[in-house]
Amino acid sequence: VKIGVLVSGSGSNLQSIIDNIELGKINGKIEVVISNRENAYGLERARQHGIDAVFVHSKEFANIEQFDEAIIRELKRHNVELVILAGYLKILTSKFIEEYNNKIINIHPSLIPSFCGKGYYGIKVHEAAINYGVKISGATVHFVDENADTGPIILQESVNIEYSDSAEILQKKVLKIEHKILPQAVQYYCDGKIEIIDRKVKINMEE
Ligand code: GRF
């Protein structure tokens, strides 16, 4: 499967996918990494692994639709079949989602539907969990639909929160889980083991 990865930050989730592909665990190839941030370290990680790294500057476009069209053009140019949002901080336009319907996977650092949606990204997610006083949090891998963080859930895994945990400690705990379940979900997808029935995901392990 030809994969395109969108990043905005350090790209540690991208790195976990690169590592698992290089270990031969994922039946796919990253054709391009695209970022809306010129200095996103994720672009550097791509270059280090001989993967096309493309910065698309949103300021060059009149609106988000034209920006997304530029990203779609780049993805099409690389014949991408699966799009992965790995710490990508822009909302996708409906045109983008239609173009890659049920072919866009996102990782969110909480147990959706908790602490998700507009405004919940990066450390803010963990600050909200700590402030609320929940005893577990975790990460969710899901397909992207027209809203933020509401598409069919593929995998989730939880972490325990200690009373003394700070948001930074929780972020580290959750990031470790992200680096495990995102590649796992991509592996299932590339092996054709994922089905969506009535907006719910069925993973056919035996296939
Ligand atoms: C992290 O907060 C992660 O939970 C979320 O995006 C942020 C950056 O991740 N998915 P990465 O290191 O850029 O992959």
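The values are calculated or read from the model by the stated rules, or taken from the named source; none is laboratory data. The structure presented is a predicted model; accordingly, all values stated were derived computationally and were not measured. So basically every Cβ, Gly included, is an ideal-geometry build from the backbone, and we count neighbours across all protein chains shown. Keep in mind that these areas ignore ligands, DNA and RNA; they rest on the heavy atoms of the full protein, side chains included. Shrake-Rupley method; radii C 1.70, N 1.55, O 1.52, S 1.80 Å.
Here are the numbers:
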| item | result |
| --- | --- |
| Solvent-accessible surface ranking, highest first, for Ser158, Ser16 at 1.4 angstrom | Ser158, Ser16 |
| Folded to 0 to 90 degrees: helix 64-77 orientation relative to the chain principal axis, Cα | 70 degrees |
| Rounded percent of accessible protein surface that carbon and sulfur make up, the chain, 1.4 Å probe | 48 percent |
| Rounded if a/c under 1.5, otherwise prolate or oblate - the stretch 120-198, Cα gyration tensor axes | prolate |
| The chain - share of DSSP beta bridges that are antiparallel (%, nearest 5) | 45 percent |
| Accessible area per residue in Å² at 1.4 Å probe, computed on the chain | 50 Å² |
| Mean Cβ count within 10 Å, highest first, over the residues of peptides 86-99, 44-57, 176-189, 1-14 | 1-14, 176-189, 86-99, 44-57 |
| Quarter of the Cα convex hull surface for the chain, i.e. its orientation-mean projected area (nm²) | 11.5 nm² |
| Cβ-placed point charges (K, R +1; D, E -1), dipole of the chain about Cα centre in debye, nearest 20 | 200 debye |
